Structures are given as C-alpha cells and as structure tokens.
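To keep things clear, I will list the structure first and then write my remarks on it.
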Amino acid sequence: MSETEEAQGFDDLVTLLSQGIAQRVTYFATHPRVQQPAREFAARLATLLQEQHREFFFLGFVEGNLVHEGRFLIGPTIFGRRVVDMLEAIGSGGILLKAGVTADEMIALFGIAADLRAGPCDLAQARASLQQRKAVHVQFSPPYSDPDWFGQFLYEGAEPMFVPGAGGDSLSRMVPVYQRMFDAVDAAHALTRRDAGIDIDGVRSIGEQLLAAAGDTFTDVMQLVRYPDYDTFTVGHSVRVASIAVLVGHSVGLPRELQIELATAGMLHDVGKSKVPDEILYKAGRLDPDERQLIERHPVLGAQILLENRQASHMAIAGAFGHHLRHDGRGYPSLPDWGVSSRITALLKVCDVFEALTAVRPYKGAMSPRRAYEIMVKDRGCFDPGAFRALVAAMGLYPPGTRVLLSSGEVGVVTKAGARIDSPFVRVTHDAEGAVLDQEVVREVGADDGSLQVTLALSDRPAKQRATSEPAPEPTVCTHTHADAAHDATVEQISKRRRE
C-alpha cells in the first residue's frame with residue numbers, strides 16, 4: 001500500500017465515524033443505520049492496522065482541525081464536522097482507537113455524541129461513559145494544549161498541511177466557512193424532506209462569508225473544492241458548484257450582489273433531490289426509465305420548494321428549475337416556447353456539469369479538467385457559448401488551488417488561470433529537492449511566460465471508484481450521466497471555442 005493510499009484509508013475512516021455519529025444522533029443504538037457504519041469502521045480499521053503493522057490509530061484534534069501524524073486532514077475536517085463538534089464539546093484532543101476495536105465499541109463512541117443532546121459533557125464524563133459501555137479499545141485524548149496529549153510524538157516535527165507563507169494560514173481560515181456551506185446545504189435538504197421551510201437568508205449570509213473569505217483570490221476556496229466527500233456527494237456537489245460559480249462570476253466581473261445570489265443559487269440548485277428516494281438518488285448502476293423519470297422531476301420540485309419561500313430570489317428559483325436545460329432548448333424539464341434561460345442560469349449549468357465530470361462519485365473516479373472540457377465541447381448545443389468560455393477562462397486546465405509539478409522540478413499551487421488555458425500562474429512552495437521554501441523566497445510565477453511549464457497536476461488523494469456490475473452509462477453530459485468517452489477533441493479545439 002502506498003503512502004497516498006494509506007492516507008486515503010485513514011481519511012475514509014473519519015467519514016465513516018462522522019456518518020455513524022450522525023445516524024446515532026437520529027436512531028437508537030441497535031438500528032441498522034447505526035450498526036452498519038460501526039461494523040464497516042471496525043472491519044476497515046482492522047485491515048488498515050494489519051497492513052501497516054500498527055497497534056492503534058490516533059485521530060488528533062488541533063485548533064479546530066482533525067490531524068493524523070502531523071498532517072492536517074482538510075477534507076475530513078470539513079466532512080467530519082460531527083466528529084469535530086463532539087471533540088470540541090467534551091474538550092478532547094482526539095480519539096485513540098486500538099487494534100481489536102469492535103462494532104459495539106464504535107457504537108459506544110457514537111453514543112457520546114448522542115448524549116450531548118441531553119446536556120454538556122466534559123472529558124472526564126465522556127471517558128467514564130466509555131468505560132461503562134466497556135469500550136476498552138477506545139480512549140479520548142487530553143486537549144492539544146495538555147502535555148499529555150496523545151499525539152505529541154506523532155505531531156511534533158511533521159510537516160503541516162498548511163504551509164506557512166504559501167497561503168496556509170488563509171486556507172485554515174477558509175475551512176470554517178466551507179463547513180458552514182456544507183451545513184447549510186445539508187440543513188436545507190433535511191428541512192425540505194420534513195416539509196419545513198428553508199432559511200434562505202441564512203444560506204445567503206454564508207454566500208457573503210464565502211466572498212469575504214475569498215477576497216480577490218479564490219486559490220484557497222478551490223483547494224477545498226478538490227476534497228471529495230463520498231457519502232454525501234449530493235451536498236458536496238452543491239457546495240462545489242456554488243464555489244466554482246462564484247469564481248467564474250468573479251472572473252467576469254459580476255457585481256458583488258450577483259455573486260452572492262449566485263452562491264446562494266448554487267447551494268440550493270439541487271434542493272429538489274431531497275424529494276427523490278435515496279435508493280434512486282444513490283443508485284450506482286444505470287437508471288431504468290421509471291427511475292429516470294422520477295429523478296428528472298427534481299428541477300421542478302426544487303423550483304416549487306423555492307417558490308413557496310418568500311426569501312428565495314428569482315435567480316435561486318431559476319437555477320433550481322433550469323440547471324438541466326440545454327442551450328438549444330432541449331433537456332429537462334420541458335420549456336414552453338415563450339420561456340427563456342437567463343445567462344446566470346446558463347453559467348450555473350456549465351459549473352454544474354463541470355463539477356459532476358471532475359468530481360469523485362460513488363460510481364466513478366474523478367476526471368481531469370482537460371477531459372471534462374473535451375466532453376463538454378463535443379456535446380454541441382448543450383451549453384451557452386459565453387458561459388462555457390467564461391468557465392474555461394476562469395479555471396484553465398489547472399484550476400486555482402491545484403498542486404502542480406513544474407518543469408524546473410519545483411512544486412507549487414495554481415493561483416489563477418493564465419492567458420493560455422495550459423499556462424496558469426503558480427505560487428511556488430517547494431524547491432526541486434522537495435524542501436519547503438522560506439516565506440521570503442516563495443514567489444508567484446507566470447508559467448505562461450515560457451520560463452516554466454506545468455508538467456503534472458498533483459493529487460493529494462487518488463480517485464476512488466467503487467466496483468459495480470452495471471455497465472458504464474453513455475456520456476450524455478447534460479443529463480448528468482458522466483462516464484468517460486473516447487473521442488478526438490483537443491486543447492486546440494477548446495481554445496478555438498473560447499475565441500468564437
């Protein structure tokens with residue numbers, strides 16, 4: 001197992017832990033929805049520890065972030081918000097899970113979070129509760145500020161994920177905003193499932209926070225966009241679409257008020273999916289005609305939900321209704337002859353499809369931006385040309401936040417797209433030997449000036465794809481069936497479309 005695969009395995013455990021806590025807060029301990037993540041966690045942990053010849057797994061909690069062996073787990077910190085909330089509430093610096101942990105012990109751990117609903121619980125009480133539940137392979141650590149913090153020997157001296165002088169501090173500040181975006185979308189879907197009203201003004205406020213945190217550069221926002229969430233991809237999709245849409249809107253000079261509404265529309269554009277049964281929404285294989293008919297109702301359902309809410313803007317309603325409409329008038333739902341699609345909805349649509357193509361899903365791995373553009377170019381009539389040009393100009397082949405290897409051997413982070421789609425501006429963070437550069441020598445380099453070229457996009461985690469016996473669907477991008485396809489589109493064709 002490679003180091004990257006090992007990191008992915010431990011990161012996935014955090015997702016399972018968060019999922020188990022969420023289910024235990026809602027259901028009783030013996031409910032299948034609680035039992036399943038507990039069993040899966042125990043089995044996966046046993047396999048990982050055996051493969052790595054380890055006796056334990058320590059998930060640390062440092063200054064609001066989850067860490068493992070000195071590595072800040074940015075993605076798990078975002079998607080494992082329930083783990084973060086539990087550790088913060090009891091004043092713990094992390095969880096030590098020893099080899100041999102059982103599903104029942106994991107359910108005991110989940111129960112600590114459920115107990116918090118009844119009132120405050122400190123570290124001593126949480127530890128006592130684990131003992132009473134006979135969870136002998138699970139221990140809560142003292143806080144990070146305590147000399148007895150469990151992870152001190154693992155964390156000290158390890159290279160942090162947030163590189164000083166390379167945008168790390170601002171990236172750290174972005175994490176809470178991104179967490180709030182996830183919480184807002186998750187809450188909107190949960191409220192809609194219960195036929196309760198959505199706090200759209202609250203969602204809009206988080207859109208304002210996104211713009212305030214991003215400032216003039218979306219580098220840190222787009223770094224967070226790269227982290228997948230396998231078990232809540234519907235929520236994560238909406239967050240990432242909103243982030244990409246705001247970046248594109250910012251790059252074309254949309255007024256701030258419109259950027260905020262664009263963020264709000266992006267976060268709420270798929271709210272109609274909350275009315276689609278989970279067995280259809282999360283089905284890994286091909287949908288049958290009846291299932292497809294049901295899922296294709298979600299734009300209408302979403303628009304109806306937002307129409308009933310006085311806080312909803314015209315843009316949010318239009319985004320929910322029109323994000324599957326094609327530029328040539330086809331798509332779904334059917335549009336009357338007098339109907340028109342706004343440029344803002346068209347922009348939201350290209351971001352929606354681009355995110356779906358380039359994101360990890362339970363049934364597929366991620367696709368490179370280059371491949372996504374090629375597929376989008378091939379589907380002529382699907383996208384508004386101006387919206388597509390704006391997307392490509394803002395993202396390039398290496399979207400902001402992408403870690404890249406340069407022809408000099410140095411490693412850096414893309415800050416913005418350049419004049420050519422294959423030549424972004426790069427902030428160099430590591431020298432050719434892999435050493436972290438001091439703050440005073442970190443520089444921003446225009447890779448399109450000919451002196452440097454991007455040779456490789458680096459990924460913190462490999463694409464994860466779950467096996468399925470179903471055949472891969474055909475690549476009809478505008479219906480969100482996003483399998484790869486063989487064709488001859490090239491970067492030159494994409495550049496030509498940009499100039500048209």
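The values are calculated or read from the model by the stated rules, or taken from the named source; none is laboratory data. As the structure is a computational prediction, the values presented were derived from the model and not from experiment. Don't worry about glycine lacking a Cβ; one is built from the backbone with ideal geometry, like all the others, and counts go over all protein chains shown. These area figures cover heavy atoms from the full protein model, side chains too; ligands, DNA and RNA do not enter into them. Shrake-Rupley method; radii C 1.70, N 1.55, O 1.52, S 1.80 Å.
What's the ranking of 265-272, 204-211 by average number of surrounding C-beta atoms within 10 Å, highest first?
265-272, 204-211
A 31 angstrom limit on the alpha carbon distance is what I want to check against. Which of 134/283; 273/378; 275/416 exceed it?
Pairs exceeding 31 Å: 134/283; 275/416.
Over the stretch 78-132, what is the mean sequence separation of C-alpha contacts under 8 Å (at least six apart), divided by residue count, expressed as relative contact order in percent?
45 percent.
For the stretch 281-349, what size does the Cα cloud have along each of its three principal axes, sorted from largest down, in whole Å?
Principal axes ranked by extent give 35, 29, 20 Å for the Cα atoms.
Leaving ligands, DNA and RNA out of it, report the carbon-plus-sulfur percent of the accessible area of the stretch 261-347 at a 1.4 Å probe.
Exposed carbon and sulfur together represent 53 percent of the surface.
Can you give me the long-range amide H partners of residue 367? Hydrogens built in the peptide plane at 1.01 Å from N, cutoff under 5 Å, separation of 5 or more residues or another chain.
358, 359
Got a number for the accessible area of residue 102? Probe 1.4 Å, square angstrom, nearest 10.
60 Å²
By average Cβ neighbour count within 10 Å, what is the ranking of 288-298, 317-327, 378-388, 414-424 from highest down?
317-327, 414-424, 378-388, 288-298
Report the percentage of all Cα-Cα pairs in the stretch 224-322 whose separation exceeds 22 Å, rounded to a whole percent.
36 percent
What are the residues whose amide H is under 5 Å from the amide H of residue 56, where those residues sit 5 or more places off or on another chain and H is modelled from the backbone?
Close amide H contacts, sequence-distant or interchain: 99.
Based on the mean of other Cβ atoms within 10 Å per residue, sort peptides 389-402, 79-92 so the most packed one is first.
389-402, 79-92
Need one number: nm distance between label points at residue 335 and residue 136, each 7 Å from Cα along Cα→Cβ, rounded to one decimal.
The answer from the label model is 6.6 nm.
If you roll a 1.4 Å probe over the heavy atoms of the protein chains, what accessible area per residue do you get for the stretch 354-404, in Å²?
26 Å²
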